[in-house]
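Structure record follows, encoded as structure tokens.
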Amino acid sequence: MALTIVGDPLPNMPWQEKPADEFGVLWRDTRNPIVKWNPTPSTARIFNSAFVPWEDGFIGVFRADHRDVYPHLHVGRSKDGIEWEFEDDEIDLRDEEGKPWISRYSYDPRVVKIDDTYYVTWCTDFGGPALGLARTQDFKTFTRMENICTPYNRNGVLFPRKIDGDFILLTRPSDAGHTAFGDIYLSRSKDLIHWGRHRRVMTSGPVWWEATKIGAGAPPIETSEGWLLFYHGVQTTCNGYVYSFGAVLLDLEQPEKVLYRTRNYLITPEKDYETTGMVPNVTFPCAALHDPETGRLALYYGAADTYIAVAYGSIPEIIEHIKKDSELVPGDAESYRG
């Protein structure tokens, strides 16, 4: 049966053909990094950010670390998905009554469109890292909704549609520091306020590249083979953490069940912009663009907590690779509730 990929056509998405000497299913853009140091007057670094198609180009919510090193959320726009222009002012988040609701820090956003609304999730200060939530329809006015959870939690990723009438959210419980543990969990909600029916989706793996902790990356892509999810995995070395990323296929109707999971990473820090920066040896996926008609994928990731980079791939080839390279961890294939 032919593979079906869900989504709107995106013929103008960025793309480079696969190099003849590349044997992996993902390959880096030769123009990387596409966002470098000091991108605006008030910001030092923009990375770990999320964007979506918008009108005849692209728009997104970006993590921007200011010169006091506190991270905040900024809007950015692009015609081609490579050259970006950023607003120098951070997003003016307002609550349901129109009152300002700005946290001390905000970082690692994800953006997903559900029906006619764009939802932003990010790590927010709530007496410790927790998950913030906002909505927008024009990327000018952002309404901040109730925090998803109490501390400590990170890597909140919403699915692009409801399942059985529920919003579906992936999270990664953590701690107040740099978290030397972490598995991916799933929660459901009818109203984006009350969350429950929690399930563990997957645990850190038996192989070293993801042995310390894992976390969801870009919002999942729906295909006839399952939900395609890219996720980061962390290894603890004698020189600190190393962030690589792999991919899984989740069951379409019970996405807490893992169908296939890459044993080996897809990308690990290799290039100078990935191994050298504010935090060395980090590749951290946060956003993906795809064209269902061609199967093309552009996967954006933060590099060394300093830059934004992009890699390309073919969704059919990636899915085939995941199935061939799969090794599940006990509990992956079940609806695990403890």
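A few remarks follow.
- A count restricted to region 256-290 and to residues that are more than 15 Å from the chain's Cα centre (by Cα), open to solvent by less than 10 Å² (accessible area, probe 1.4 Å) and within 21 Å of residue 62 (Cα to Cα) stands at 1.
- Verdict on residue 253 being among the charged types (D, E, K, R) and either surrounded by fewer than 17 Cβ atoms within 10 Å (Cβ to Cβ) or part of a loop (DSSP other than H, G, I, E, B) (or both): yes
- Qualifying residue in region 73-90 (condition: more than 18 Å from the chain's Cα centre (by Cα), aliphatic (A, V, I, L, M) and surrounded by fewer than 19 Cβ atoms within 10 Å (Cβ to Cβ)): no
- Some residue of region 92-103 being in contact with a Ser or Thr (Cβ under 9 Å, 6 or more places away or on another chain), in a strand (DSSP E or B), within 21 Å of residue 155 (Cα to Cα) and not polar (S, T, N, Q): yes
- Among the conditions (1) over 17 Å from residue 218 (Cβ atoms); (2) within 20 Å of the chain's Cα centre (by Cα), the only one that residue 157 does not satisfy is (1).
- Sub-9 Å Cβ pairs linking a first residue in region 129-157 that is more than 16 Å from residue 74 (Cα to Cα) to a second residue that is among the basic types (Lys, Arg) and surrounded by fewer than 21 Cβ atoms within 10 Å (Cβ to Cβ), at least 6 apart or interchain, are 145/135, ordered by first then second residue.
The values are calculated or read from the model by the stated rules, or taken from the named source; none is laboratory data. This is a predicted model, so every value here is computed, not measured. Reconstructed Cβ throughout: ideal geometry from the backbone, glycine too, with neighbour counts over all protein chains shown. Side chains are part of the model used for accessible areas, which takes the heavy atoms of the whole protein and leaves out ligands, DNA and RNA. Shrake-Rupley method; radii C 1.70, N 1.55, O 1.52, S 1.80 Å.
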